[in-house]
Structures are given as structure tokens and as C-alpha cells.
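Written below as C-alpha cells is the structure these notes are about.
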Amino acid sequence: MKLSRRNFMLTTATGLGAWGLQACRGRGGAEAIKAVEQWKNQLKQTRFALCDGCAARCGLNCEFVDDRLVGIRGAALHPVNQGAICPKGLDLKHQRLDEDRLRVPLRRKGPRGSGEFEEVSWESALTQVTLAIQSSPQATSLLGGQYRGSTDDLFQTFLQALGSPHYLRLRCLQPELPGEHLRRMQGLDSPVAYDLAGAKVVLSFGCNLFEGWQSPLYQARVLAGDTDLIQIDPRYSLTASKARVWAAPHPGTDGILALGLANILLREGLYDAGFAHRWIKGFEADQTDRGPVQKGFKNLVLQGYGPERVEALTGIPARRLYQIAHLFGGGGPSVALAERGPGYGQRDAYSKMAIHSLNALVGSPGRVGGMTLQARPPLTPLGPALRADNDPLSALEAGEIKTLLLYRSNPLYSSAARTRWAAALDKLDLLVSFATQMDETSRQADLILPDLHSLERWQDDVTLHQAGVSLYSLSSPVVEPWGRGRASEEVVLELARRLNLHSLAFPDYPSLLRLRAEGLFQARRGRIPQAREDSEIQQLLMKQGYWQAQYDDFASFWTALQAQGVWLDEQASYRGRAHLMPQGNFDLRPLLQEAKQPWVAPLHRGGLLLVSFKPFALSGGRNANQSRLLESLAGPFGTAWEGPILLNPTTAKARDLRTGDLARLVSSRGELVGPVKLTEAVGPALIFLPFGLGHEFFGKRGSGRGVNPNHLLADFGPNLVGHSYVELSKVEAG
Amino acid sequence: MSRWGMVIDLEKCNGCEACAAACQAECNQPPVGESEARMGRKISWLKISEELTGKFPDLHRRMIPQPCMQCDDPPCVRVCPVHATYLGEGGIVAQIYQRCIGCRFCMAACPYTVKYFNWYNYAGGLPAAEQEAMNPEVSPRPRGVVEKCTFCHHRLLLAKDQARLQGNDPARAVYHPACEEACPAKAIYFGDLDDSTTEVARLAQSHRASRLMEDLGTNPKVYYLARKENHG
């Protein structure tokens, strides 16, 4: 055969093909394919992280391919979300990549508020803070927002070591503390958990269970069954639309409505007489022990809160009151929730106690489907607790604070008392912000020491508000930090080193967390859930008092805790009534005292009442720069990327307003202009404004978008109120 | 062969949008931006429609999550001039993006309006870091292409791979789409409608079950369980 070019190619190709086939057969073709598939399936790695999109702190499984974070799913074994996930958790991977994130330490170079900053080294920034604190350690303070866990304990220990009593917090809910009504009526000093999973009837006064209250995913799961939800809310919220009964009282009249229900419960004998006799103090007139005979709760309610009067004051028809009372008092474990974040108006204490008195009438403290107490996880304590001051503005105005560290708080945006805040912050010698976004308050800062994104740092959390489980969650960094930020906890530990604070002599934050976790290991209770199949059997055994060591030594416990991210104890739930009422009774007398004050009619004649609310996508408080969340607002508002003024069509018609028109709102505090959306979901005398947008400064997408209700809301001191009277007018185009 | 279907319980659904967000994240649906979104060009393979009826305070609201209905007789398939969309394995209405010429006939034909058009190269316009964070199992779509829910078909392929690896029959592989997995109220059920042992097959036969626009004869495989009549 003549060796032509064509023949050469043909021979070579045939030879190579035959060799390839032979090689494949030698190794086993099917096995080779299998190996490829196996490799493909193993490519994906999963790491646990805690979500910090809101106060619920769900567990997440972050999925990695080639060390790239490509997906986030809910962690199936985390008791809060059990595999579910919400838009905020899903968007963490994009939030981390936000180009507007602060990623280097900055020092102010122009006047305060000018927004002129220059990049500085960590060394220079930390030296400046150390010198400021050294000059007056007792005048150092930390203002914190919404967070829990070891971060909270670390800050307390840091301030205590400095000898400073000023640990300030600014937030709607205080999850580590019981509400004032619980302290005064039951003598509690730990937060209670409401057993929503065990309740047959849940009466929620304005708690947006599916949008922002505590753990919306948990509540969505446990209330999706046959629980009857009664929602009291002036707005037809998503939660209200899922309720069996929804009632829309005039804002601020929740307390009157609650006592109106109590009236029907008492008159129709729908209350737990045994509980009332054994536990309630101040129920009957003759039970009082304060000198002359004082009216009892029964007299007060029966004489002053008849259905007709309550109908006139609240706007809820008497027949609806009867329907709610019969549902609430008609059997099945019932529980009433008086835990609305922004409070219940000017008569907040009265309203909360009035609502809470319904829990006394149905005997919900300490029973299944009622209220329980969750023991704190047995973490190694860092030092004695320092109770937070929840009226930070007054503390700052007193002028005793020279250096303020700002962590997860933006009062110039989130407080109605902006002007007072600006003046108080201006008095400081040094304002240091740990913010990750250049927000309103951080622009006033002298130094910005950017925190890391939640996926880039160590996090932990203590959950006490979920009935039936005492829960500690922990997660290590799952991705490398972007930029030169540092975890705020590491910065505080570094400051402690430079200031020679021996109580915080830890080489780094993980070693502090490790020490804390040793307490869990040594407590000989609780467990780290490993698999769904095991957990039910173990749960059953543990409920019967059995405990079996899962790990021989702390090192393996610590490794497992990092991998699984959860330690829980189902036995740490106290239902005994004595636990729920450590003072020995359920005292209604504080309510009687509050009820003596004259009632101020809540509705302004002719004016419209403005009420703020948090939409689910923005309930984390730091989401205004996230394009996916802004786009998802198309769901609740019909238009993406904005938070409109919600109006009833009747209100709008009187002012010739249509959806999309611009309207001006004026209150005694200020004014704002925004687009309107007409909806029947709000009543004719009301205007609703979503909270979460309207930032002056919050990244490219978040700045100047939407309106901030706080520009109009009245300032009622430390209690966030959330409503105000406004005038509405149309802004003519052009 | 399985016939994949979905049942959505409107009694349980509270309109939290977790399913829509999970779908967007899983299937690489990028945000289209403010001006595009205002023109109604938002891409969300699973959209949530709000149906609010009545006058304040006598109101009734239904939040209706709407993925592609995966019709057994899909109108979109019939009108496609280039056979880019077709009824694929397991009854999933599939789409070949490379073949799509962007005529949008399918969008016009779809009575449920659950097909979406890429007016621009939205995914390509994302910052490089965000592009890197995309789900590698799902290809991003270029400009001029129609897209829609695939019932997370890529997860089916993965489940089949797993079944093969474990020595099981890939035709009997079971999988769960991202929306079902994310739903906190467990309102979404997914499975084989032809397998009478599955929850989804049982619920699809429920007296509360119905399908959208059944009279059109499209035979959708997404069923809705009506809200219970106890609302006062």
C-alpha cells in the first residue's frame, strides 16, 4: 500500500480509536462513566451558616462549587426554619457582593455629616479609638440595634471592664427581656415563649406573624394547620388575610378591644374560673389589700367595657366582638399576643396589660398551647450581665458619654426623634461606626470600622422565644472576607487587648465562642441534631428524661457543633405555672392602675391617621440596597422598586388621587412626597406607609428611594409608636 | 415514566414570596432593574398574583403562586415556529434556548402569561462577582430569548444521576423543585401525578382541587386547593 497522506491519517485515526476502546474496556466503560458522575455529584459542598436577615436567625446550607458560593438553601435540621428559606436569606449571597459595601476603615476629613472620608490603616484607626477610650473609659458607650448571642455578652463584658454603665440599645423588640406587662403582671425576668404550635386559637393584636414578627417562617409552618388565627390589625395585612377572623379597630384602641372581649368572656362564663381563683390577684374587688376597697378587674370590665361602648370606641361591631370572644374562650388552648413591635400607641402599657389579661382569663400561663419559659442554654458565662439602657437618647443627652461605638443601629433613620438624635450625637468626642453601609448615622461618624458580612464571620445566637426548644446556633465563616473589613467582635477584643482588659483576654473571637460552648458540653443535657430520622426517637427519649452523651470529648463536640450549627434542648421548656408566675400570682392590679387614667379619643377629627408597617422583604432593616428584594416589592405593592403610600379608594377619590399619582403628606413633625397606591386593604380614615425605604444615604440603589415614615411620626420617647395624624394632598404634575 | 405535577394549597400559602425568590435564585433569574421592572418586564418564573375582593372591611384575599402550568396540551408548543419549545420528559414543557428566535408567539399563546422575554442581556449585565455566584446547573439566557419555569428539570437530571449511582432505576427517580423546598408553610406539593401512592396524586383528586382556566382544554399539571370556607 502506498503511504499517501490520506492513508496515513486513516491508519492513525483507526489505530487511536482502537487503542481508546481497548483502554475503556480495560478500565470498564460503565465504571468510567460512574466515576465521572460521582465526581460531578461530589463537586458540590455544603457549609452551614446562620442567616442574619432578621431576628429569627434561621439556619442555612450554603452550597459551594469550586469554593464559589452558588446557592443557599434552608437547613433542614435547624428548628427555626426546618429547611424553609425566605427571600432575605436567599439574597445573602448577593448582599455580600454589594459594591456599595464599606470594605476599608475610613476617617472623617470634612465637617461632621459632610460625607468626606479618607481611607486609613487599621492600626491608625484602632490607636485613635484606644486613646479616646483611655482618656475617659467610663464615658465610653456602645449603642446596639437588633442582635443576640455572644456578641451581646461580649459588649456587656467590654463595657463592664471599662467601668462604663452605658450599654445602650435601640430596637423594637427586646427578645432577651420580657415585656413590661409580663414583668409587672407575672414578675418575670426571662422572656416567655408562646406555644403557637400547641394552641388551638391564637389571638394576635397587631403581631405580623407571617411578615416580620419573631420567626415568620416558623410561624408560617406551625400555623398552616388547623389553628384558628384571629388577627387584630387596622390593615388587611397578609397575616390578616390568613386569619379566620380579622378585625380592624381604630389604631391605638387595642386595649379597649381586649377589655371588651374580657367583658363578654366574664359575662358568658367563658373564662377559666379555676385559674382566676387560684392565681389571679385583683380579680374581685374584695381581694385588694391596699387600704380602702378598690375596684377589681371584674367590676372594671363589667361596668366600663360593655360591647356597645367598645364598639363606639374601637369601631368593631358588637357581633364581631361576640364572635371573637366565643372563638377565643370556647375551648381549645388559646393564647393572646400583646407583643407588637412598635407598641400600641400612647397608652402602650395599658393596652399591653389589657391584652395580656385575656391570657389570665383563659389560663394560658404554663399550659400547652399557652405560654412557656425556655431556659437559657448553659453557655459558659463571660461575666456578670449588664442590663441595657433602652432609652439611649436620654442617656446621650445627659452628656456623660464621650465615645460612642455604633453597632447595627442607625438612629438618624430609624428613630422618629431625628433632630434630637443629631444634636445628641454632635456632642460626642468620638463616634465610631461598625456599619457595612454608608447610612445616615455613619455619615456623622468620625471613624468607620467596617464589619464583615454575616457569611464572612463567626456568628452565634440564642433563641428563647420558640416554645419547646432552648436553642443555641453557631456558624463559622463560609466565605473569605471581601475587602479589609474586620468582624466587630474581633475589633472589640483587639481594643480590650490594647486597653489591658483582663476579663477579655482571648486571642480571637472563635476562642471566646469555644469557651462559651464548653458550658454546653459540660452541662450534660441537650444534643446536636445529626439526622432527621434520629431526632424523633432521641427527642422522645429526652422528653422522658434520658440523656446520652453524643461525644466523648469537647474537641469532637466542637467540630460537630460547627458542622451542624445547632445545639438544642427540648427539655428546657418550663410549663409549670409557678415558673410562669414567680411572684406567685397573675397580678391584674397594675392594669387597674393604668385604666384609671382618662382615655383620649384616638382619632383626630377630620385628619387622617398615618400608620407604618414593615413589609416582609424589608423587615431586616438593612435591605434597601438589595435589587432583588426591591424588585420583589412588586408582590405586595404592585410596583417594584418602591414603597408607596397606601390609601383607601374613598380617601383618594376625595382628593382626586389615582394609583401612581404623587401625594404630599404633612404632619406636625414634617412632610414628604411619594407615589400613592389605592387599595381596599386599608380603611378610609387611615394611611399606611411601609418602613424600610426612604433612606437619605444607603448605597446607590437605597438612597433617595421611597419615603421614611419616621419623618412624619410623633416622638413619644423610648416607645416606638408608629402612628401620627397627617394631612394629605395631591401634588400636581409638573 | 413519571408525569410530574404540582399542587398548591391556597389555604396554607400566605404570599410570603419565598417560592418566587427561591425560584429566581435557583434558576438564575437576574433582577431586570428599576426602569425595566416599571415597564412590566420583571422576570419571575413563579409569579404571585394577588386577588383582593370586597370592600373594606369585608375583604377576601387570595395569593396565587403561578409557575408554568406545564400543560399536557400546551398552546405555546403549537405556535412555536422553530420547535424551540416542546413537551419533554415527564410531561415537562421544555425549551431549547439556542433555538428560540424571540418571536414571542408562545408568550402571546400562553393563557397564563407565565413566559418571560429577555429584552436585554440581563444576566450578562450583572457584576462579574454576581455572575460567578450563579447556579452552575442552570444556563443563563441571552438577549432575545423567551424563558419560563422548567419544574427544576436540572434537579430531575441530578436525581437520575443519583439513582444510577445507587443502582436504582433512573425512571423512578424522585426530586423536589426549589419552590417546594423553600415554602415555609409547606403549601407546595410536588411529585408524580400518575403514581397513586404520592401525596400530590391524592391531593389532585381532592374536592378542593381545581386548575386555572380548565375550560381552555390545556390540561395543566398545576392544581390549586381552594381555601376552606370558614372565614367570617
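The values are calculated or read from the model by the stated rules, or taken from the named source; none is laboratory data. The structure displayed is predicted, hence computed values, not measured ones. No Cβ is skipped: glycine too gets one built from the backbone with ideal geometry, and neighbour counts run over all protein chains shown.
Per-residue answers, yes or no, for (1) aromatic (Phe, Trp, Tyr); (2) surrounded by fewer than 16 Cβ atoms within 10 Å (Cβ to Cβ); (3) modelled with pLDDT under 95:
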residue: A:Gly28; (1), (2), (3): no, yes, yes
residue: A:Glu31; (1), (2), (3): no, yes, yes
residue: A:Ala55; (1), (2), (3): no, no, yes
residue: A:Phe64; (1), (2), (3): yes, no, yes
residue: A:Arg73; (1), (2), (3): no, no, no
residue: A:Pro79; (1), (2), (3): no, no, yes
residue: A:Gln82; (1), (2), (3): no, no, yes
residue: A:Ile85; (1), (2), (3): no, no, no
residue: A:Lys93; (1), (2), (3): no, no, yes
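Give the residues of the range A:113-171 that are aromatic (Phe, Trp, Tyr) and either more than 20 Å from A:Ile401 (Cβ to Cβ) or in contact with a Gly (Cβ under 9 Å, 6 or more places away or on another chain) (or both), sorted by residue number.
Within the range A:113-171, A:Phe117, A:Trp122, A:Tyr147, A:Phe155, A:Tyr167 meet the criteria.
Of these, A:Ser703, A:Ser619, which one is modelled with pLDDT under 90, polar (S, T, N, Q) and not assigned by TED's automatic domain parsing to the domain that holds A:Ile232?
A:Ser619
Just give me the residues in the range B:60-74 being buried (at least 18 other Cβ atoms within 10 Å of the Cβ) and modelled with pLDDT of 95 or more, in sequence order.
Listed by number, the residues that qualify are B:Pro65, B:Gln66, B:Pro67, B:Cys68, B:Met69, B:Gln70, B:Cys71, B:Pro74.
Against the condition over 17 Å from the mean Cα position of the chain (by Cα), buried (at least 17 other Cβ atoms within 10 Å of the Cβ) and more than 30 Å from A:Phe64 (Cβ to Cβ), how does B:Cys80 come out, does it pass?
The answer is yes for B:Cys80.
Name the residues in the range B:131-147 that are part of a loop (DSSP other than H, G, I, E, B) and under 24 Å from A:Leu92 (Cα atoms), would you?
Matches in the range B:131-147: B:Ala133, B:Met134, B:Asn135, B:Pro136, B:Glu137, B:Val138, B:Ser139, B:Pro140, B:Arg141.
Taking A:Leu196, is it within 14 Å of chain B (Cβ to nearest Cβ) and out of contact with any Gly (no Cβ under 8 Å at 6 or more places or on another chain)?
For A:Leu196, the condition - within 14 Å of chain B (Cβ to nearest Cβ) and out of contact with any Gly (no Cβ under 8 Å at 6 or more places or on another chain) - is met.
Can you say whether A:Gln214 is polar (S, T, N, Q), away from chain B (no Cβ under 14 Å) and not in a helix (DSSP H, G or I), as far as the supplied structure shows?
Here the answer is no, as A:Gln214 does not meet what is asked.
Would you confirm whether any residue within the range A:492-503 is in contact with a Gly (Cβ under 7 Å, 6 or more places away or on another chain) and modelled with pLDDT under 95?
Checked the range A:492-503: at least one residue is in contact with a Gly (Cβ under 7 Å, 6 or more places away or on another chain) and modelled with pLDDT under 95.
Hey, any hits in the range B:127-139 for a residue that's within 13 Å of chain A (Cβ to nearest Cβ), in contact (Cβ under 8 Å) with a residue 24 or more places away in the chain and touching a Phe, Trp or Tyr at 6+ places or on another chain (Cβ under 6 Å)?
No, there is no match, as no residue in the range B:127-139 is within 13 Å of chain A (Cβ to nearest Cβ), in contact (Cβ under 8 Å) with a residue 24 or more places away in the chain and touching a Phe, Trp or Tyr at 6+ places or on another chain (Cβ under 6 Å).
Can you say whether A:Gly638 is outside the structural domain of A:Tyr725 (by TED's automatic domain parsing), out of contact with any helix residue (DSSP H, G or I) (no Cβ under 7 Å at 6 or more places or on another chain) and either at positive phi or surrounded by fewer than 21 Cβ atoms within 10 Å (Cβ to Cβ) (or both), as far as the supplied structure shows?
It is false that A:Gly638 is outside the structural domain of A:Tyr725 (by TED's automatic domain parsing), out of contact with any helix residue (DSSP H, G or I) (no Cβ under 7 Å at 6 or more places or on another chain) and either at positive phi or surrounded by fewer than 21 Cβ atoms within 10 Å (Cβ to Cβ) (or both).
If we keep just the residues of the range A:583-609 that are small (Gly, Ala, Ser) and exposed (fewer than 13 other Cβ atoms within 10 Å of the Cβ), which is modelled with the lowest pLDDT?
A:Ala601
Give me a count of the residues in the range A:165-203 that are closer than 22 Å to A:Phe275 by Cα, of a type in the set (Lys, Arg) and either touching a helix residue (DSSP H, G or I) at 6+ places or on another chain (Cβ under 6 Å) or in a strand (DSSP E or B) (or both).
Looking only at that region, the number is 1.
Go through the range A:464-513 and count every residue that is assigned to a helix (DSSP H, G or I) and either in contact (Cβ under 8 Å) with a residue 60 or more places away in the chain or not polar (S, T, N, Q) (or both).
Residues meeting the conditions: 18.
Report yes if B:Ile48 is facing chain A (nearest Cβ under 7 Å), in contact with a helix residue (DSSP H, G or I) (Cβ under 9 Å, 6 or more places away or on another chain), closer than 23 Å to B:His176 by Cβ and not acidic (Asp, Glu), otherwise no.
Here the answer is yes, as B:Ile48 does meet what is asked.
I'm trying to understand the selection: among the residues of the range B:147-169, which are closer than 29 Å to A:Ala32 by Cβ and either within 11 Å of another protein chain (Cβ to nearest Cβ) or buried (at least 24 other Cβ atoms within 10 Å of the Cβ) (or both)?
B:Cys152, B:Leu157, B:Leu158, B:Ala159, B:Lys160, B:Asp161, B:Gln162, B:Ala163, B:Arg164, B:Leu165, B:Gln166, B:Gly167
I'm trying to understand the selection: among the residues of the range A:216-259, which are surrounded by 24 or more Cβ atoms within 10 Å (Cβ to Cβ) and polar (S, T, N, Q)?
A:Gln219, A:Gln231, A:Ser237, A:Thr239, A:Thr253 - these are the residues of the range A:216-259 that are surrounded by 24 or more Cβ atoms within 10 Å (Cβ to Cβ) and polar (S, T, N, Q).
Regarding A:Arg420, is this residue farther than 20 Å from A:Gly692 by Cα, surrounded by 16 or more Cβ atoms within 10 Å (Cβ to Cβ) and at pLDDT below 95?
The answer is yes for A:Arg420.
Sort through A:Gly274, A:Gly282 and tell me the only one that's at positive phi and either of a type outside the set (Lys, Arg) or surrounded by fewer than 21 Cβ atoms within 10 Å (Cβ to Cβ) (or both).
A:Gly282
Of the numbered conditions (1) buried (at least 17 other Cβ atoms within 10 Å of the Cβ); (2) touching a residue at least 24 places away in the same chain (Cβ under 8 Å), A:Gln134 fails exactly one; give the number of that condition.
(1)
Within the range A:614-718, which strands (runs of 3 or more DSSP E) (wholly inside it) include 3 or more residues that are more than 11 Å from chain B (Cβ to nearest Cβ) and under 23 Å from the mean Cα position of the chain (by Cα)?
It comes to A:686-690.
Evaluate the following for A:Arg101: is it away from chain B (no Cβ under 13 Å), basic (Lys, Arg) and part of a loop (DSSP other than H, G, I, E, B)?
So A:Arg101 does not fit the description; no.
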